[in-house]
1. Dimensions of the chain along principal axes (Cα, Å, largest first)?
2. What ranking do 312, 165, 235 get, fewest neighbouring Cβ atoms within 10 angstrom at the top?
3. List the residues whose amide H sits under 5 Å from the amide H of residue 216, counting only those 5 or more places along or on another chain, with H placed 1.01 Å from N in the peptide plane.
4. Taking amide hydrogens as modeled 1.01 Å from N in the peptide plane, which residues meet the under 5 Å criterion relative to residue 237, leaving out close sequence neighbours?
5. Let me spell out the model: positive unit charges on the Cβ of Lys and Arg, negative unit charges on the Cβ of Asp and Glu, origin at the Cα centre of segment 4-119. What dipole size does that give, in debye rounded to 20?
6. Given H placed on each backbone N at 1.01 Å, which residues far from residue 54 in sequence or on other chains put an amide H within less than 5 Å of it?
7. Tabulate in residue order the Karplus-calculated ³J(HN,Hα) for segment 318-332, using 6.51 cos²θ - 1.76 cosθ + 1.60 with θ = phi - 60°, rounded to whole Hz; enter x for Gly and Pro.
8. Per residue of segment 60-74, in order, report the coupling 6.51 cos²θ - 1.76 cosθ + 1.60 (Karplus, θ = phi - 60°) as ³J(HN,Hα) in whole Hz, putting x for Gly and Pro.
Amino acid sequence: MKAVKIGSVGLGRLGYEHARNLANLIPGCVLQAVCDMDEPRLRAVAEELNVPRAYTNFAQMCEDPEVEGIVIVSPSFLHVEQIRLAMEHGKHVFCEKPLGVDVPQCRQAEAVVERHPELVFQLGFMRRFDVSYAEAKRRVEAGEIGRVVLVRSYTQDPRSTIESTLKFAPHSGGQFLDMCVHDLDLVRWFTGSSIQKVWGIGGVFEFDLYRELNDADNAAAMVQCENGAMGFLFTNRTHAAGCNVETEIIGTRGTLRVAPVGARDLLQIVDGHGARQEYYPDFMSRWHDAFVAELTAFTGHIRSGTRPSDLTVYDGTAVSEAAYRCKESFECGKMLPIR
Ligand SMILES: NC(=O)c1ccc[n+]([C@@H]2O[C@H](COP(=O)([O-])OP(=O)(O)OC[C@H]3O[C@@H](n4cnc5c(N)ncnc54)[C@H](O)[C@@H]3O)[C@@H](O)[C@H]2O)c1
């Protein structure tokens, strides 16, 4: 198998996970370079993972002729500029969600990707690579549950990681953009239809910081697609038992549920507290295999010179736009159409 040489930018919470996967778990991948503006962190990760090149300056990593593809795991407001720089230097790009922090930014990303049809572009909607979600999609496509009527999807981070969440909140783009993008992507993916109108609601129940950010610490949205199918989303950052992501797809002929109890395994523990199941402690452990699978797919696309046909830059724009409209709807208290 031909080795594919990757450079990765951003070595924070998720960036470190991706860097470790690229260095150790992706078949035929060489982690050739890493980049982070935090120099001590950069040096430590480069040494730990035995990475030949380390850059504090992203533009310099883009000039490295040894690097074929770039994995972008930097703060969301940097994504579009880094996509542009990477592609203008002839690099294939995998970019974490969200594509951009506003719709004009997403349109700029579309234009860059359109200018470089010879390069792979893939977005980090890793739920699509999770075995259970992929199986649900296969069954929906096979018509097993008839016509999809409603997608209900919850994304709850654990209270145990609230400290890093609050630090990340000011540059996250807000709850709808940062958390609900995954659920909005699932609504579009499972219904096969574009979101047409949204009603975002929510409130500050615990953390005043969200009030200062004009955001909610608990948020929900109802959405409706062009084909009439509906979506109901809920998100918060204080789930008691760990990372909870659960999705229900209701069709005219049946229902599919992914992780209705977000338990880590099938083990039931019976002790002085009663009978219980352990949850995944954080999003990293919940999605570990999906993170590996999406980057395996990315390096596979580079090797075969193909682009993912069903996960495009336009999905990134559509989902970001829906998330933005949810935020606007939450702010003005009205149901809003997607423009
Ligand atoms: N797919 C998912 O479920 C998922 C989960 C978490 C995060 N994310 C996304 O991943 C991205 C990163 O999130 P995170 O939680 O790892 O963030 P983080 O704040 O933990 O890490 C960001 C890293 O980028 C570095 N950085 C900042 N500016 C830089 C620059 N100009 N050049 C190089 N490095 C720079 C920082 O030093 C830091 O190490 C975000 O876009 C986020 O939305 C996706």
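Each value in this text was obtained by applying a stated rule to the coordinates, not by laboratory testing. Given the structure is predicted, the values throughout are model-derived calculations rather than measurements. For neighbour counting, all protein chains shown are included, and Cβ atoms are generated from backbone atoms with ideal geometry for every residue, glycine included.
1. The Cα atoms of the chain stretch 52, 51, 45 Å along their principal axes.
2. Values: 312 16, 165 20, 235 25.
If I rank by nearby Cβ atoms, fewest first, I get 312, 165, 235.
3. The answer is 175.
4. For residue 237, the qualifying residues are 157.
5. Working: 11 positive and 17 negative charges, 36 e Å.
In total the dipole reaches around 180 debye.
6. It is 34, by chain and number.
7. 4, 5, 5, 5, 4, 5, 4, 5, 4, 5, 5, 5, 4, 6, 9
8. So the Karplus estimates, Gly and Pro as x, are 5, 5, 5, 7, 5, x, 6, 7, 9, x, 10, 9, 9, 10, 8 Hz.
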